[in-house]
Amino acid sequence: MTTLRLKQMMLLTAVVLAGTANLTQADDATSIRNVLFIVSDDLKASVLGCYGDPLCQTPNIDRLAARGMLFERAYCQGLVCSPSRVSFMFSRYVGVKGNGPSMAEQFKNHGRYTARVGKIYHMRVPGDIIAGTNGADHPESWTERFNAPGQEAHTPGRYALLNHNIFTRDEENRQSTRDPHRMFVTVQSEGDGTAQPDYKAATKAIELLRERKDKPFFLAVGFVRPHYPMVAPPEYFEPYSIEKIEMPKTIPDDHDDIPKAGLGKTTSEKSGIGKYPDNQKRMWAGYYATVSFMDQQVGRLLDELDELGIRDETAVVFTSDHGYHLGEHEFWQKANLHEEVTHVPLIISVPGKKPGHAQTFAELVDIYPTVCELAGVPTPKQIVGRSLVPALDDPTAIVRTVAYSGSGKQRALRSDRWAYMSYGKNGGEELYDMHNDVQQFNNLANEDQHQEVLEKFRTQLKEYY
């Protein structure tokens, strides 16, 4: 063999070895082949056991948290279902238009199978659930999509309309789609729960996991509980007798220092549930029951990942679109800027990374770049989210020092000490010292000594859009 030929062979060997080394490095960097993205509906962070609730039974979400990173200070950007879901799926703030791909679409564009089971983009609950329709879906996101229908308030069983103190098994005249009191409905359903939308969603997701386990996937599973109507089998209500439930603290004249634009649309007085203190506790019981039922479905998914042997190559993300009021400030439901609505659960469990509690603030728009980085998928330039991978590697790492929430004229910033809320030029403001007033009873926005703090937040708010 000539010297030239020998040098060529040596060079070729070096190139091949270098290529192999680079491939190995790439494989190491993208060892997370799959993403399982689980979204609950109307789930406030504080109700979960892993977030400190002593009564609610959420063993499966708690074990996910024990194996992953729990973000103690995660905040939604939208205040109701539809804008929140668009916001985190596209990683852009509410009210900002954009033409980039959604999170799932980006995975699909880079060779992943993507599927939606249940509610990821907005669906009317109960309307689209009863009809089994797609709602305001984004078909470009998915290789396949599947709905999980159910009877909702019409489910046979013990029906309650708690703000009217009605209890019956009669299946006629139940508050349902577009009815004004549907948010105060609970149903202790007949049967074992297998006819419920969330059970069906988990069953279909398990089927897809079995079918797709050998190829990379992005599987989004959207559960509709604890969104009203709060439907679950009786055994899920049993642990939550009203004797065990302590209602949130309220104070006289609480609404006096809250701007009109900041008052909840559904209050104890307006809805009528204020007349029935025990029924307020039954609302909590229904909420707890459906959280526990949803938690069981999360457990079925986690068990299947282990059974299939793909847990070590699958990142699992669990969150909710926003939180919920259950009598705090005598508010019910959502659509405002207080902590019960904006503070959401966020758990990211990544094989090979140590579990912990992240100290950084996080926004739901951050999920998109995080899962892209974990799976080796390029992150589009137009998104506003920041990757949370530094916090997954080190729970003391700070990705954000404040979190933004907002829709229309309602806009808020949450920092370590302060919760700031703005309602537009003439709508008023709220400012709460979260070190000394966690329940947000004392609005400091009109006090002279806090004007410097307010001005800082007003300036900072302009950075968002």
The range 389-441 versus the range 313-337: alpha-carbon centroid distance in Å: 15 Å
In Hz, Karplus ³J(HN,Hα) per residue of the range 367-381 (6.51, -1.76, 1.60; θ = phi - 60°; x = Gly, Pro): 5, 3, x, 5, 5, 4, 4, 4, 9, x, 9, x, 9, x, 5
Rounded tilt (10° steps) of 81-90 against the dominant C-alpha axis of the chain: 10 degrees
Extension gain (nm, one decimal) between GLU144 and TYR465, 0.36 nm per residue minus Cα-Cα: 112.2 nm
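Given the peptides 172-183, 220-231, arrange them by the average over their residues of other C-beta atoms within 10 Å, most packed first.
Ranking the peptides 172-183, 220-231 by packing returns 220-231, 172-183.
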Space enclosed by the convex hull of the alpha-carbon atoms of the range 31-387, per residue, Å³: 129 Å³
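Can you tell me how much longer the chain between VAL96 and SER31 gets when fully stretched, taken as 0.36 nm per residue apart minus their C-alpha distance, in nm with one decimal? Mind showing how you got there, number by number?
Values: separation 65, 0.36 × 65 = 23.40 nm, distance 3.38 nm.
Computed gain between VAL96 and SER31 is 20.0 nm.
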Amide H partners (placed H, <5 Å) of ASP41, local residues excluded: ARG225, HIS227
Exposure proxy order (Cβ contacts within 10 Å, fewest to most) of LYS108, LYS381: LYS381, LYS108
Entries of LYS353/LYS381; LYS381/LYS425; LYS108/LYS265; LYS200/LYS353; LYS409/LYS456 with Cα pairs more than 28 Å apart: LYS381/LYS425; LYS108/LYS265; LYS200/LYS353
Relative packing of peptides 45-55, 80-90 - highest average C-beta neighbours within 10 Å first: 80-90, 45-55
Centre separation in Å (Cα based) which lies between the range 151-210 and the range 215-267: 16 Å
Long-range HN-HN contacts of GLU72 with modeled amide H, under 5 Å: ALA358
In sequence order, calculated HN-Hα J values of the range 210-227 (Karplus, 6.51, -1.76, 1.60; Hz; x Gly/Pro): 5, 6, 9, 4, 8, 10, x, 9, 10, 10, 9, 10, x, 8, 9, 8, x, 3
J(HN,Hα) series, the range 333-347, from Karplus relation 6.51 cos²θ - 1.76 cosθ + 1.60, nearest Hz, glycine and proline x: 6, 9, 6, 9, 9, 6, 4, 4, 8, 7, 7, 10, x, 8, 10
Nonlocal amide H pairs with THR114, under 5 Å, H built at 1.01 Å: THR143, GLU144, PHE218
Modelled label reach - THR203, point 7 Å along Cα→Cβ, the range 87-129 residues with backbone N closer than 16 Å: 117-118
Relative contact order (percent, whole number), the chain, Cα cutoff 8 Å, 6+ residue spacing: 24 percent
FRET efficiency estimate (nearest 0.05) - Cβ-Cβ, MET247 to HIS435, R0 35 angstrom: 0.90
ARG67-LEU308 pseudo-label distance in nm [points 7 Å out on the Cα-to-Cβ vector]: 1.3 nm
Eligible lysines near LYS204 by straight Cα distance, threshold 19 Å, same-chain separation 8 or greater: LYS119, LYS213, LYS215
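The numbers here are math on the coordinates, done by the rules we state, and not lab data. Computed from a predicted model, the values in this text were never measured in an experiment. Here the Cβ is made from the backbone with ideal geometry for all residues, glycine too, and neighbour counts use every protein chain on show.
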